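Here is the structure we will look at, set down as structure tokens.
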Amino acid sequence: PKPSTLKHAGRLLERQRAVGIFGEGSRYEDEERKLVRGEAIERLFESIGWLAVKFDAPMYAMGISKTIEVGSGDKKTRVKRIVLSQPVMRQTNLPKRVAEKAIMAEFHERLQESYDAASLAAEEAAYS
């Protein structure tokens, strides 16, 4: 995220507000052609871990499945599923930089699990 985005997010977190940031930026490999990245969540913006540690804010991983189109014509249905993880919290016994890396590692794992669960749920709903 841009520095102005982080400043705004910080002001919201100071006021105990929720902030939504897509940690991986975009799920598209190519924005113009709407080519979706593979199944693996790769790099994440480290700055979201900094925000979580600085403001002692929980992080929730939200897995959003790809949209699956089922059927044809008037019977066409679009299926998408969202899975929200349990909160990822800062380990308060760690120095800030170490805590940032730890929260990002756990967040990355939870994000991948949430995305996988959402994808599986969408497929099950679409083809059941």
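What is the one condition in (1) in a helix (DSSP H, G or I); (2) small (Gly, Ala, Ser); (3) under 26 Å from Ala126 (Cα atoms) that Gly38 does not satisfy?
Only one criterion in (1) in a helix (DSSP H, G or I); (2) small (Gly, Ala, Ser); (3) under 26 Å from Ala126 (Cα atoms) is unmet by Gly38, namely (1).
Tell me which residues, restricted to region 93-128, are open to solvent by 80 Å² or more (accessible area, probe 1.4 Å), within 23 Å of Ala57 (Cβ to Cβ) and in contact (Cβ under 8 Å) with a residue 12 or more places away in the chain.
Lys96, Lys101, Glu113
Can you find a residue in region 78-91 that is in contact with a Phe, Trp or Tyr (Cβ under 7 Å, 6 or more places away or on another chain), in contact (Cβ under 8 Å) with a residue 24 or more places away in the chain and in a helix (DSSP H, G or I)?
Looking for residues that are in contact with a Phe, Trp or Tyr (Cβ under 7 Å, 6 or more places away or on another chain), in contact (Cβ under 8 Å) with a residue 24 or more places away in the chain and in a helix (DSSP H, G or I), one finds none in region 78-91, hence no.
Within region 66-73, does at least one residue satisfy the condition of being open to solvent by 90 Å² or more (accessible area, probe 1.4 Å), closer than 21 Å to Ile21 by Cα, in a loop (DSSP other than H, G, I, E, B) and not acidic (Asp, Glu)?
No, region 66-73 has no match at all.
Run Thr92 past the list (1) more than 24 Å from Ala126 (Cβ to Cβ); (2) in contact with a strand residue (DSSP E or B) (Cβ under 6 Å, 6 or more places away or on another chain); (3) among the polar types (S, T, N, Q) and report the number of the one that doesn't hold.
For Thr92, the failing item is (2).
Limited to region 77-92, what total is found for residues that are of a type in the set (Lys, Arg) and surrounded by fewer than 18 Cβ atoms within 10 Å (Cβ to Cβ)?
Residues that pass the stated criteria total 2.
The values are calculated or read from the model by the stated rules, or taken from the named source; none is laboratory data. Fair warning: this is a prediction, and the values are worked out from it, not measured in the lab. Glycine gets a Cβ as well: all are built from the backbone with ideal geometry, and neighbour counts include every protein chain shown. Only protein heavy atoms, including side chains, enter the accessible area calculation; ligands, DNA and RNA are left aside. Shrake-Rupley method; radii C 1.70, N 1.55, O 1.52, S 1.80 Å.
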